[in-house]
Each structure stands twice: as structure tokens, then as C-alpha cells.
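*Asks:* Quick one: the structure is below, questions incoming.
The values are calculated or read from the model by the stated rules, or taken from the named source; none is laboratory data. Just so it is clear, the structure is predicted and the values come from calculations on it, not from any experiment. Cβ sites come from the backbone with ideal geometry, for glycine too, and all protein chains shown count toward neighbours. With ligands, DNA and RNA removed, areas are computed over all heavy atoms of the protein, side chains included. Shrake-Rupley method; radii C 1.70, N 1.55, O 1.52, S 1.80 Å.
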Amino acid sequence: MNRHYLVESDTIHVKIPSGHAKVDIYWPNSATPAPLVIIAHGFSRHRRNMAGWGQHLANEGFVAVVPNLPAWANHARNGRFISELCAYFCANDAWKSRIDSSQLGLVGFSAGGLSTLLSAADNTGVIIWIGLDPVDHSGLGAKVAPLITCRTVVLTANPSACNAHGNADDIIATLPRCEHVSVTGAVHIDAEWPTSWLAERFCGRSTDERRSEFCQHATAALRETLLPMPSDTL
């Protein structure tokens, strides 16, 4: 994996209508307001399983927010929570000097991919959504996908029981403009950072090489969309 450096971080307890949850904030070393990226974990997982993404994206220049999702399997509620979390951070005067609320991205792994997709369909402020081997449930994702107006990038692993046998295909097929990359040989939890030995027992052995490929594609898309180079530097 790419080396990442220690960044400033905070843990806060957020109380919003859709739920109460602990949220980790990873701050970039930036003198100007930085884009906000909210990163959602998968089903029955925890914010610590996406901490590597938080650290990495802060090093790349983003304010990376990694919450615990409040609902175990209520994806619609988790989607509302993410939308409310976006508003919570973007409307807070105390953070306006550190967060550029006009540059908002959502990243979600597995069921977190579904929850962030539902949020993107409901939030016109989202500039980019990235699904890290997302899964659908009861057709919720495929139903809202045609409503998405932001840039969408889907990175997938090989179909398996752990990613509902690749049912993200239904989301990909119904997104208006989907950029899809299949990571060759990847297992579902290659998109989780860090994963756990128990997840590997059920989903297969993950590798730094395949995780790095997920990371490279996602980071490039976020940087292109939320941190474009000024034209006078090109």
C-alpha cells in the first residue's frame, strides 16, 4: 500500500434526526478550506474498518469523515443519516475555515455503497459518488440510480456470496453515466481498509496489491473531481 502519514484527527458524537453515532474526522494539512468526503462502512462493520481510507484521503487533501452508521440493516435510514451528516458538517460555522462545502463527495463500501448512493440521489450538493464493491438490497439502489446527477464511479471485485454475487451490476446498468472498473482477481474485502481476519475467513484472503488498485482508482477520481488543478498550472 501507499505510505500514509499521521494526520490530525478528531472523534465526535453526532446527534441528528436519523440517529446518534460516533464520527471520526481526519483533517488535511491545508491552509485553505478542503473538500469534504464522507466514507461509509459495510454491513455489520465499523468505522475502524474504513480508517485507512480516512487517513489516506486526508493525506491527499480532503477532510475525510468516517461515521458509524446508526442502523444495522435499514439502508434507507443510513442514507438519510449520511445526508443529514453532510448538512451537519457543511452548515457548521465552526468548520467553515476548514471545509469547502461546495465540494462534496461520498464513498461507500458494500452496503455503505448502497447507503451513500441513496444519499447521493437525495442530495444535489454531492459532486461525486464512489461505490467500493457496493451491493444492492431489494432493488433499492437500482431504483434510485437513474436519479443520480453527479459523477459516479463503481469499483467491483469478483462476484461472490460476500457481494451478493455481484448484484451491483443492476446499479451499474441503471446509472445514467457510470464509470465502472473491475479489479482483476479482487475479493470483496479488498475494498475495505483495514479488513479483519474474520472477514477474510468468509470472503477470501485480501492483498495490499488489490487494495492499492481500489485506492488508486478512487483517489484519482476524487482528485480529478474535487481537487482539479488550476488551468494556469497545466
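*Asks:* Which one is farthest from GLY113 (Cα to Cα), of the residues in the stretch 39-74 that are among the aliphatic types (A, V, I, L, M) and in contact with a helix residue (DSSP H, G or I) (Cβ under 6 Å, 6 or more places away or on another chain)?
*Replies:* ALA64
*Asks:* Another question, then. For the subset of the stretch 200-229 comprising residues that are aliphatic (A, V, I, L, M) and touching a residue at least 12 places away in the same chain (Cβ under 8 Å), which member is most open to solvent (accessible area, probe 1.4 Å)?
*Replies:* Just the residues of the stretch 200-229 that are aliphatic (A, V, I, L, M), to begin with: 218, 220-222, 226-227, 229.
When the remaining residues are screened for being touching a residue at least 12 places away in the same chain (Cβ under 8 Å), the result is 218, 221-222, 226-227.
Numbers: ALA218: 1, ALA221: 5, LEU222: 1, LEU226: 8, LEU227: 53 Å².
That would be LEU227.
*Asks:* Out of the residues in the stretch 93-102 that are touching a helix residue (DSSP H, G or I) at 6+ places or on another chain (Cβ under 8 Å) and not in a helix (DSSP H, G or I), which is surrounded by the most Cβ atoms within 10 Å (Cβ to Cβ)?
*Replies:* At the first step, the residues of the stretch 93-102 found to be touching a helix residue (DSSP H, G or I) at 6+ places or on another chain (Cβ under 8 Å) are 95, 99, 101.
Keeping just the survivors that are not in a helix (DSSP H, G or I) gives 99, 101.
Values: ILE99: 22, SER101: 17.
Per the criteria, the residue is ILE99.
*Asks:* Additional query: Pick out the one residue from GLY52, GLY19, GLY61, GLY42 that is over 22 Å from PHE214 (Cα atoms) and in contact (Cβ under 8 Å) with a residue 24 or more places away in the chain.
*Replies:* After applying the criteria, what remains is GLY19.
*Asks:* Determine if the stretch 141-151 includes at least one residue that is charged (D, E, K, R) and closer than 21 Å to PRO35 by Cβ.
*Replies:* Yes, because at least one residue in the stretch 141-151 is charged (D, E, K, R) and closer than 21 Å to PRO35 by Cβ.
*Asks:* Next up: Which of the residues that make up the stretch 107-135 are charged (D, E, K, R) and either buried (at least 23 other Cβ atoms within 10 Å of the Cβ) or in contact with a strand residue (DSSP E or B) (Cβ under 6 Å, 6 or more places away or on another chain) (or both)?
*Replies:* Within the stretch 107-135, ASP133 is the sole residue that qualifies.
*Asks:* Name the residue that is farthest from ALA142 (Cα to Cα), counting only residues in the stretch 54-109 that are polar (S, T, N, Q) and over 15 Å from the mean Cα position of the chain (by Cα).
*Replies:* Quick first cut of the stretch 54-109, residues polar (S, T, N, Q) only: 55, 59, 68, 74, 78, 83, 92, 97, 101-103.
Still in the running and over 15 Å from the mean Cα position of the chain (by Cα): 59, 74, 92, 97, 101-102.
On the way: ASN59: 33, ASN74: 16, ASN92: 33, SER97: 37, SER101: 28, SER102: 27 Å.
Filtering the stretch 54-109 for residues that are polar (S, T, N, Q) and over 15 Å from the mean Cα position of the chain (by Cα), the one farthest from ALA142 (Cα to Cα) comes out as SER97.
*Asks:* Still on this model: When residues of the stretch 136-149 are filtered for being open to solvent by 20 Å² or more (accessible area, probe 1.4 Å) and not polar (S, T, N, Q), how many remain?
*Replies:* 8
*Asks:* Scan (1) within 14 Å of PHE43 (Cβ to Cβ); (2) without any contact (Cβ under 8 Å) to a residue 40 or more places away in the chain; (3) not in a loop (DSSP other than H, G, I, E, B) for the single condition GLY108 breaks and write down its number.
*Replies:* Against the list (1) within 14 Å of PHE43 (Cβ to Cβ); (2) without any contact (Cβ under 8 Å) to a residue 40 or more places away in the chain; (3) not in a loop (DSSP other than H, G, I, E, B), GLY108 comes up short only on (2).
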